[in-house]
Amino acid sequence: MRQPAPNPDHTRMSPNESRNQTLAARDLRHLWHPCTQMHDHAGAVPLLPIVRGEGPWLVDADGRRYLDGISSWWTNLFGHANPRIGAALKEQLDTLEHVIFAGFTHEPAIELAERLAAITPAGLERVFLADNGSAAIEVALKMSFHYWLNQGRGQKTRFIALSGSYHGETLGALSVSDVALYRKTYAPLLLTPILAPSPDAYDAEAGESAEAYAARRLGDLRALLERHAHETCAVIVEPLVQCAGGMRMYHPSYLSGLRALCDEFGVHFIADEIAVGFGRTGTLFACEQAGVSPDFMCLSKGLTGGFLPLSAVLTTEPVYEAFYAEYNAGKAFLHSHSYTGNPLACRAALATLDIFRDEPVLERNRVLAAHLARRLAPLREHAHVADVRQTGMIAAVELVRDKATRAPYPPEERRGLRVYLHGLEHGALLRPLGNVVYFMPPYVVSTDELDHLVDVAIAGIERAIAQP
Ligand SMILES: Cc1ncc(COP(=O)(O)O)c(C=O)c1O
């Protein structure tokens, strides 16, 4: 029989136990964390209770501070506890916390849709809201399939995704993802996508430019479309940076080529800007760098400045019209989450867009990105660094066992974890993806704070590679 959970017994905790330790022990009694082998927390990996955020800093229960070098899973744009977003939320809290979004609406959602339609690439006029990134991907996949079905093209049931891509971890989103760590175990449950080789410039031949490599990979995509367009709903990509796949970056020409191929072969183009949207790549949206408008654009993460879960799928008028019919035609799009269009989340998003409107965010980011680039450049010569790459406010350093062959460190050595632990000891939240140490800080970071992040990362890298 299941034993009742004992209450945490503070009297049994040693008087020397810190507040961090007390909270971590209580957490570990009941909570189960994402992306975590919980056994790690029984050993060398601390579980850190955070009590406060201040700009790019996180403060733990013992008062130690950590510079959030990864924007808390790429969500935070303008700092933790940002007062402007906080004030908007407080006002909304006293007005309307939530209302069913079927048959009812509210001004924060209306204004958000108007403003998203205005700032995203041309043609994206229709906005469907959901409450996290993976849900947005589910919506885009279902909507694309359903569009073709409503057009009498029900044989289109498949999706083309790029190798190394990541679109989330619900079953549909995971189906179009290709990061083995997340996918392998659940593969028997998933749809089978058609994988197109990624234009990831890391895989270019020696002397081959990123643009030439992207062109070569467009050739592969064309060949796949020639064979599969009749059964394909859409091609889904992370524009410019494949983030969870290791911050792999590619040339914008791939996106313009992709747009042309999708038009030629009659398949949709889904741009997953969940991680790269809202200024991360240097432009407000990554697609802008290729001058393209996708058929669907998925947004989340930075959409609320990192305050609340919210996502949006933007699509075109023709897609919307394919669903618009008299009720008994049975063409309506069916996808509903209880918290769709949550007014608090919409208000946080509006306050975030206000900051973009009122402050020279992208200009400021250019200065920060250039500083980061300068600081990371010397790492190119490092004996265990195969690549230093950057797109706007995303920079990554790829560690390898052997620079000449680019042979990676075996994953079981967990070199990245060593960098992570070093970071925590030295006041920085760096959370490498395998052997890729990356930087994706909130936009309110200063150049001195970037120096701190880079200094800690470099020392962490030295420590990670020094041990066998
Ligand atoms: C490109 C991309 N798509 C989708 C997702 C899934 O978003 P969520 O974690 O909110 O489900 C992520 C999350 O990291 C992502 O990076």
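Remarks
- Compactness ratio for segment 85-358: Cα radius of gyration over 2.2 N^0.38 Å (N = residue count) comes to 0.99.
- The per residue volume of the convex hull around the alpha-carbon atoms of segment 180-219 is 80 Å³.
- Relative contact order of segment 265-368: 24 percent, from C-alpha pairs under 8 Å at least 6 residues apart in sequence.
- P(r) histogram, all alpha-carbon pairs of segment 116-246 included - 10 Å bins from 0, percent: 12, 36, 38, 13, 1
- Dividing the alpha-carbon radius of gyration of segment 290-409 by the rule-of-thumb value 2.2 N^0.38 Å gives 1.60.
- Cβ-derived FRET efficiency at R0 25 Å, HIS39 paired with ALA187, nearest 0.05: 0.60
- Phi angles across segment 85-90 convert, under the Karplus curve 6.51 cos²θ - 1.76 cosθ + 1.60 with θ = phi - 60°, into 3J(HN,Hα) values of 5, x, 5, 4, 5, 4 Hz, Gly and Pro given as x.
- For LYS301, the lysines whose Cα falls under 27 Å of its own Cα, not counting residues fewer than eight places away in the same chain, are LYS90, LYS142, LYS184.
- Shown in residue order for segment 63-69 are the 3J(HN,Hα) couplings computed by the Karplus curve 6.51 cos²θ - 1.76 cosθ + 1.60 at θ = phi - 60°: x, 7, 10, 10, 7, 7, x Hz (x for Gly and Pro).
- The chain: relative contact order in percent, alpha carbon pairs under 8 Å with at least 6 residues between: 19 percent
- Summarising the amide proton neighbourhood of VAL235: residues at separation of 5 or more, or on other chains, whose placed amide H is nearer than 5 Å comprise ILE160, HIS268, PHE269, ILE270.
- Under the Karplus curve 6.51 cos²θ - 1.76 cosθ + 1.60, θ = phi - 60°, whole-Hz ³J(HN,Hα) for segment 394-408, x wherever Gly or Pro sits: 10, 10, 9, 10, 9, 8, 9, 5, 10, 5, 5, 9, 6, 5, x
- Whether segment 323-377 is rounded, prolate or oblate, judged on the alpha carbon gyration tensor where a/c under 1.5 counts as rounded: prolate
- Panel note: the C-alpha atoms of segment 139-216, placed on their principal axes, show extents of 47, 32, 17 Å (largest first).
- Contact order relative to length of segment 85-358, as percent, for alpha carbon pairs under 8 angstrom and 6 or more apart: 28 percent
- Note on the chain: helix-only mean residue ellipticity at 222 nm, from DSSP H runs of 4+ residues weighted -39500 (n - 2.57) and normalised by residue number, equals -11000 deg cm²/dmol.
- For segment 86-178, the ratio of Cα radius of gyration to the globular rule of thumb 2.2 N^0.38 Å stands at 1.37.
- For segment 157-185 and segment 261-338, distance of Cα centres in Å: 18 Å
- Each Lys and Arg contributes +1 and each Asp and Glu -1, all at the Cβ; summed about the Cα centre of segment 85-358, the dipole is approximately 580 debye.
- For the chain, convex hull of alpha carbons as volume per residue, Å³: 180 Å³
Each reported figure results from applying straightforward, stated rules to the coordinates on display, with no laboratory input. Being a predicted model, the structure only gives us computed values, none of them experimental. Because the Cβ atoms are built from the backbone with ideal geometry, glycine has one as well, and the counts that use them run over all protein chains shown.
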